[in-house]
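Report on the structure given below.
The values are calculated or read from the model by the stated rules, or taken from the named source; none is laboratory data. If you're wondering where the values come from, they're calculated on a predicted model, not measured in any experiment. For neighbour counting, all protein chains shown are included, and Cβ atoms are generated from backbone atoms with ideal geometry for every residue, glycine included.
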Amino acid sequence: MEKILEGKTGVIFGVANKRSIAWACAQAVARQGMRLAFTYMGERMEKSVRELAAEMPNSLCLPCDVTQPETIDEVFKVVGKEFGGLDFLLHGVAFAKREELVGDFFNTSREGYMLAHEVSAYSLTAITRRALPLMEGRGGAIVTLTYIGGERVVQNYNVMGIAKAALEASVRYLAHDLGPRGIRVNAISAGPIRTLSASGVSGFTDILDHIAEHAPLRRNITAEEVGDTCLFLASPLSRGITGSIVYVDAGYHVMGV
Ligand code: 1JT
């Protein structure tokens, strides 16, 4: 069958290893013919991201620390030179210090608050602004990853919830800005998945068990399911959708008690 993203290009921010949700998103769009560039954060991630990217023909692998604006500039300089234009951006970047994801939210430090927001929320805007010249005139789609802790209280999610609220509001404002240029901006609110970010979050197994018991589908979701929704949001099948938060959470978000 004909591939729906043949000839399209994309940049994927936020792959750490094969369990990353961003990697599942990358695989879904690459399977439909999209050519990809990956960014990695620091030398510690370089090897694993390069090994994964090597599975994809003609892919690029570039260093990027979203708190260092010059490194974002460099990503789009190289992508512009190599790809000549851009149709898709996946933002799958988030960070908070471990100690901020436990106990009372009111104990969040100023630095911890700022860092979580800089990496997890502001980076979407910083990346989008630099991607814009390459996306101009060819439509395109931007997708980010969020979690229900951004709109409802999830114990211990704390400052990440505040940052995800800012990220989700950014999606709406960016959708408004970029709509006239034919660029769509959406977020996927994924249910909990065992990834590197989730590892070491105390009580994560209890959260997974709770979802499996209470979500309408009575199970947890997979990264592949998020990837397939990402493919939908990256493709013309979703051409009428922008500014939306799409839930891939086995229906959990509809529950009251
Ligand atoms: C980050 C981390 C972002 C974990 C994340 C995240 N988005 C979802 N999770 C999983 C999670 C984490 C907690 C939670 C429920 C789900 C780790 C640090 C980097 C950013 O609390 C109940 C804490």
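When the residues of the range 5-18 are filtered to those that are in contact with a helix residue (DSSP H, G or I) (Cβ under 7 Å, 6 or more places away or on another chain) and in a loop (DSSP other than H, G, I, E, B), which remaining residue is nearest to residue 143 (Cα to Cα)? It would help to see each step written out before you state the result.
Going residue by residue through the range 5-18, those that are in contact with a helix residue (DSSP H, G or I) (Cβ under 7 Å, 6 or more places away or on another chain) are 5, 9-18.
Still in the running and in a loop (DSSP other than H, G, I, E, B): 5, 14-18.
Working: 5: 15, 14: 12, 15: 14, 16: 18, 17: 19, 18: 19 Å.
Out of the qualifying residues, it is 14.
Take the range 25-57 and flag every residue that is in a loop (DSSP other than H, G, I, E, B) and at pLDDT below 95. First the steps, then the outcome.
Looking only at the range 25-57, we keep the residues that are in a loop (DSSP other than H, G, I, E, B), and these are 32-34, 41, 54-57.
Result: 55, 57.
Would you confirm whether any residue within the range 153-162 is away from the ligand (no atom under 11 Å from the Cβ), surrounded by 16 or more Cβ atoms within 10 Å (Cβ to Cβ) and assigned to a helix (DSSP H, G or I)? Even if it seems obvious, please write down each step before you answer.
Start the filter on the range 153-162 by keeping residues that are away from the ligand (no atom under 11 Å from the Cβ), which leaves 162.
Of the ones still in play, those that are also surrounded by 16 or more Cβ atoms within 10 Å (Cβ to Cβ) are 162.
Still in the running and assigned to a helix (DSSP H, G or I): 162.
The answer is yes; a qualifying residue exists.
Residue-by-condition table, conditions (1) in contact with a Pro (Cβ under 9 Å, 6 or more places away or on another chain); (2) aliphatic (A, V, I, L, M); (3) away from the ligand (no atom under 15 Å from the Cβ); (4) closer than 26 Å to residue 162 by Cβ:
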residue: 22; (1), (2), (3), (4): no, yes, no, yes
residue: 34; (1), (2), (3), (4): no, yes, yes, no
residue: 43; (1), (2), (3), (4): yes, no, yes, no
residue: 60; (1), (2), (3), (4): no, yes, yes, no
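Within the group 124, 86, 132, 90, which residue is away from the ligand (no atom under 13 Å from the Cβ), over 23 Å from residue 204 (Cβ atoms), touching a helix residue (DSSP H, G or I) at 6+ places or on another chain (Cβ under 6 Å) and free of Cβ contacts under 8 Å to residues at least 60 places away in the same chain?
Criteria check complete, one pass: 124.
Could you figure out which of (1) modelled with pLDDT under 95; (2) closer than 23 Å to residue 91 by Cα isn't true of residue 236?
(1)
Is there a residue in the range 182-202 that is more than 16 Å from the ligand (Cβ to nearest atom) and in contact with a Leu (Cβ under 6 Å, 6 or more places away or on another chain)?
Yes; the residues of the range 182-202 include at least one that is more than 16 Å from the ligand (Cβ to nearest atom) and in contact with a Leu (Cβ under 6 Å, 6 or more places away or on another chain).
Quick check: anything in the range 166-185 surrounded by 22 or more Cβ atoms within 10 Å (Cβ to Cβ) and either among the polar types (S, T, N, Q) or within 21 Å of residue 255 (Cβ to Cβ) (or both)?
The answer is no, given that none of the residues of the range 166-185 is surrounded by 22 or more Cβ atoms within 10 Å (Cβ to Cβ) and either among the polar types (S, T, N, Q) or within 21 Å of residue 255 (Cβ to Cβ) (or both).
Just for the range 93-117: of the residues that are of a type in the set (D, E, K, R) and under 19 Å from residue 202 (Cα atoms), which one is farthest from the ligand (Cβ to nearest atom)?
For the range 93-117, the residue satisfying everything is 104.
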